[in-house]
Amino acid sequence: MFDNYSWESERMSDSPFVTVEGLHYSRGETSIFRGVDMVIPRGKITAIMGPSGTGKTTLLKLIGGQLTPDAGRVCIAGEDVHALSRKALFKLRRRMGMLFQSGALFSDLDVYENVAFPLRVHTDLPESMIRDLVLLKLQAVGLRGARKLTPAELSGGMARRVALARAIALDPELILYDEPFVGQDPISMGVLVQLIRRLNDALGLTAVVVSHDIKETLSIADYVYVISDGQVMARGAPSELDVDRDPRVRQFIHGEADGPVPFHYPARDFYADLLGEGELR
Amino acid sequence: MKRSKTMELGVGLFMLAGILGLVFLGLRVSGLSLERPASSFELEANFANIGGLKPRARITMAGVTVGRVRSIELDTDWYDAHVVMELDGRLEDTLPEDSTAAILTSGLLGEQYIGLSVGGAPETLGDGDRIRDTQSALVLEELIQQFVSNIAKE
Amino acid sequence: MIERIARLGRWGCDTLESLGDAGIFLAQSMFGKPSAEGMRLWLRQMHFVGVMSLAIVLVSGLFIGMVLALQGYTILVDFGAEDALGQMVALSLLRELAPVVAALLFAGRAGSALTAEIGLMKATEQLTSMEMIGVDPLRRVVAPRLWAGFVALPLLTIGFGVVGVWGGQLVGVQWLGVFEGSYWGNMQASVDFVADVGNGLLKSLVFALVVTWIAVYQGYALVPTSEGISRATTRTVVYASLAVLGLDFILTAVMFGGLS
């Protein structure tokens, strides 16, 4: 059965790894997703983009099973994430890695122990083997020399690279990146872009990148979804999106200040407001 | 995760200190005794009135604590108080048979305890024997009543 | 008027719901297979909540014992009953002051720190990332802290009582001149190990559970912002203190108040 599985995954390298069907989700009164459909192909980098506040991070949490949708399904490798028991869900999560916006390193452990954490929890490997694996992963992100530092001593970019090393410690099949480029200087941004691409090419893992950094994301993504107003607004390869004629997509991709997404928060007429008709504030 | 020996030692000492503290509370504060089963013997005595005497009250001899009250119950034959005392085993078969037991009060409002005074008879008291010569507790109200009626008579 | 009643009803439902959540939270985190890893995490937390709170608890115990002796002496000496000082100090310490004051200090020292620590882990997504790695934060983060608090506070209470009795002896016997034999003798005659020491410890076990539970739940359920953390920390101290004092009354009524 195991042979069969690997043979199949080999053959179906272009098949969907994650499918999202008719996803509805609302927080309190505000509805965040109104029927999102997505197919994330195996072994590719898929980018999910959109203006801030559209719930991109929420989407990742729905995929990771931390939130439960109001309606719709999320399937990973054929398993319905939200129909699984808590135990089965935790088992499925071993096949996923997630890189958080803040890095989310464990503040009471040093860099080495942070990367070793998933290995210690999920495997019974001897200490020497864990050491080799940790050093291998740290080498991949260029921070082997920083293994004795604590998370508090790392810069933001370094913390994110350590978190990346931790996310790939168990050689996951799927890795979710939550805003990997936010708040990075150009150098560490370049390093991260390269790392994500290289990891994907070398290990053949499926990646989902959530971001609103257009240039960097488009440069590494194989396929892009743009979401806005709780729905998928556009989809396609980066080159297709570049020439998309939908004015909303164009505004987002080219970073225009005003357009279908207005620059101004809804307000009454500016002139009338200045004259202060009817109210003082 | 690194094991920190000093931390483990700290926690160990902390727990040890807690257990020792409990032992202190048991022995010193609530007066439990460890060597009691090793050497002790029992004497009985009946008192007409025990006042406020409680189980585990002290038993003294010349001011030195030599034992504790084990139990107090009503003797239904004589309708007086039957007190079982537990005494230091070294005193077994040394106290004269006509020794007396009196219920005394330390201070005006203090605890009540039993004071033993030695008699002169050649026979001695052994385990389970009874002290016949007893003196009841002084009950304050009765004393005052006596005092008042004496004054009235004069 | 109807609006007000409806609001009261909503408040009642919300309160009940959060109590239920907290109960499930407690059950899920407290009971699970013990492991060597869990023992090590527990040890670490014992150091954090127990050993680190030892100094403040012992110093407070010493002062409270000394004050008790001083105050008690001035009252008892009027009745010529200063011999009963030991009894008074020991009973008030063991039955009431040690469990209650140690629990209040514990809520302030360790409880608030637990809330802030777990809250910070939540705010920096450490709890979420732990879940994504496939480790249950209830078992890994919350359980060791709960158990550490549950064991540490009774030990601290014992320490408080011992130091308090000793402090009372220091003032009563060494300074005010109560006869040492009657200080200890009166104490030993009136303190019952099961009824006084045992009930005091039982109280402190209840307080330990409640205070630690409130602290870790407030940390786990807080709004992950800096304002949320500071609010939850305050809430921990307020709720835990009120819970300790309220429960103390109920427990005292049941244990010593002749309600049976």
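At a glance:
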| read-out | value |
| --- | --- |
| Accessible area (Å², 1.4 Å probe, nearest 10) - B:Arg130 | 90 |
| Estimated FRET transfer efficiency (C:Ala36, A:Phe263; beta-carbon r; R0 45 Å; 0.05) | 0.15 |
| Residues of the stretch B:129-154 with amide N under 19 Å of a point placed 7 Å along Cα→Cβ from B:Asp93 | B:129-131 |
| Other-chain or far-sequence residues with amide H under 5 Å of A:Val224's (modelled H) | A:Ala47, A:Gly236, A:Ala237 |
| Square roots of 5 times each gyration tensor eigenvalue, C-alpha, the protein assembly as shown, largest first, Å | 75, 29, 21 |
| The stretch C:207-234 versus the stretch B:126-154: alpha-carbon centroid distance in Å | 63 |
| Solvent-accessible ranking of B:Leu138, A:Leu99, largest area first, probe 1.4 Å | B:Leu138, A:Leu99 |
| Whole-Hz couplings from phi, Karplus 6.51/-1.76/1.60, listed for the stretch C:121-130; x for Gly and Pro | 5, 6, 5, 8, 6, 5, 5, 5, 5, 4 |
| Contour excess over end-to-end distance, with Cα ends at A:Val39 and A:Asp171 and 0.36 nm allotted per residue | 45.3 nm |
| With DNA, RNA and ligands ignored, accessible area of C:Leu201 (1.4 Å probe; Å², nearest 10) | 40 |
| Residue among A:Gly53, A:Thr30, A:Val162 farthest towards the positive dipole end of chain A, charges placed on Cβ | A:Val162 |
| Computed helical MRE - 222 nm, chain A, DSSP H runs ≥ 4 contributing -39500 (n - 2.57), nearest 500 | -11000 deg cm²/dmol |
| The stretch B:40-144 - share of DSSP beta bridges that are antiparallel (%, nearest 5) | 75 |
| Accessible area buried, both sides summed, chains B and C with 1.4 Å probe, Å² | 2900 |
| DSSP-defined antiparallel bridges as percent of all bridges, the protein assembly as shown, nearest 5 | 65 |
| Solvent-accessible area, 1.4 Å probe, carbon plus sulfur percent, for chain C | 71 |
| Separation between Cα centres of the stretch A:185-255 and the stretch A:82-132, rounded to whole Å | 27 |
| Calculated FRET value between B:Ala62 and B:Leu16, using beta carbons and R₀ = 41 Å, to 0.05 | 0.55 |
| Inter-chain Cβ neighbour average for residues A:101-110, partner chain, 10 Å | 5 |
| Quarter of the Cα convex hull surface for the stretch A:62-103, i.e. its orientation-mean projected area (nm²) | 3.4 |
| Gyration tensor verdict on the stretch A:110-211 (Cα atoms; rounded if a/c is under 1.5, prolate if a/b is larger than b/c, oblate otherwise) | oblate |
| Peptide-level mean, for A:113-125, of C-beta atoms on other protein chains within 10 Å | 2 |
| Pairs from A:Lys44/A:Lys87; A:Lys44/A:Lys215; A:Lys61/A:Lys137; A:Lys61/C:Lys33; A:Lys87/A:Lys137 whose Cα-Cα separation, in the structure shown, is over 22 Å | A:Lys44/A:Lys87; A:Lys61/A:Lys137; A:Lys61/C:Lys33; A:Lys87/A:Lys137 |
| Folded to 0 to 90 degrees: helix B:5-24 orientation relative to chain B principal axis, Cα | 10 |
| Helix C:180-190 vs. chain C, principal-axis angle (Cα, 0 to 90°, nearest 10) | 60 |
| B:Val84-A:Lys148 pseudo-label distance in nm [points 7 Å out on the Cα-to-Cβ vector] | 7.0 |
| Accessible surface of C:Val254 - all protein chains present, 1.4 Å probe, nearest 10 Å² | 90 |
| Selection from C:Leu97, B:Met61, B:Ile144 lying farthest towards where the dipole of the protein assembly as shown points positive, charges on Cβ | C:Leu97 |
| Inter-label distance for B:Glu42 and C:Asp78, nm, one decimal - labels placed 7 Å from Cα along Cα-to-Cβ | 4.5 |
| Per residue Cα convex hull volume in Å³ - calculated over chain A | 179 |
| Listed residues C:Ser35, C:Trp11, C:His47: farthest to the positive end of the dipole of the stretch C:1-51 (Cβ charges) | C:His47 |
| Cα gyration tensor category, rounded, prolate or oblate, for the stretch A:17-81 with a/c compared to 1.5 | oblate |
| Pairwise FRET efficiency - A:Glu29 versus C:Asp21, Cβ, R0 = 22 Å, nearest 0.05 | 0.55 |
| For residues of B:50-57, the mean tally of beta carbons on other chains within 10 Å | 2 |
| ³J(HN,Hα) computed for each position of the stretch A:253-266 - Karplus, 6.51 cos²θ - 1.76 cosθ + 1.60, integer Hz, glycine/proline x | 5, 9, x, 7, 5, 10, x, x, 8, x, 5, 8, 5, x |
| Gained length - A:Ser107 relative to A:Asp185, 0.36 nm times residue gap less alpha-carbon distance | 25.8 nm |
| GNM top mover of C:Ala102, C:Ala189, C:Ala232 - chain C, alpha-carbon springs below 10 Å | C:Ala189 |
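The values are calculated or read from the model by the stated rules, or taken from the named source; none is laboratory data. The model shown is predicted, which means the values in this text are computed figures rather than measured ones. For neighbour counting, all protein chains shown are included, and Cβ atoms are generated from backbone atoms with ideal geometry for every residue, glycine included. What goes into the accessible areas is simple: the full protein's heavy atoms, side chains included, and nothing from ligands, DNA or RNA. Shrake-Rupley method; radii C 1.70, N 1.55, O 1.52, S 1.80 Å.
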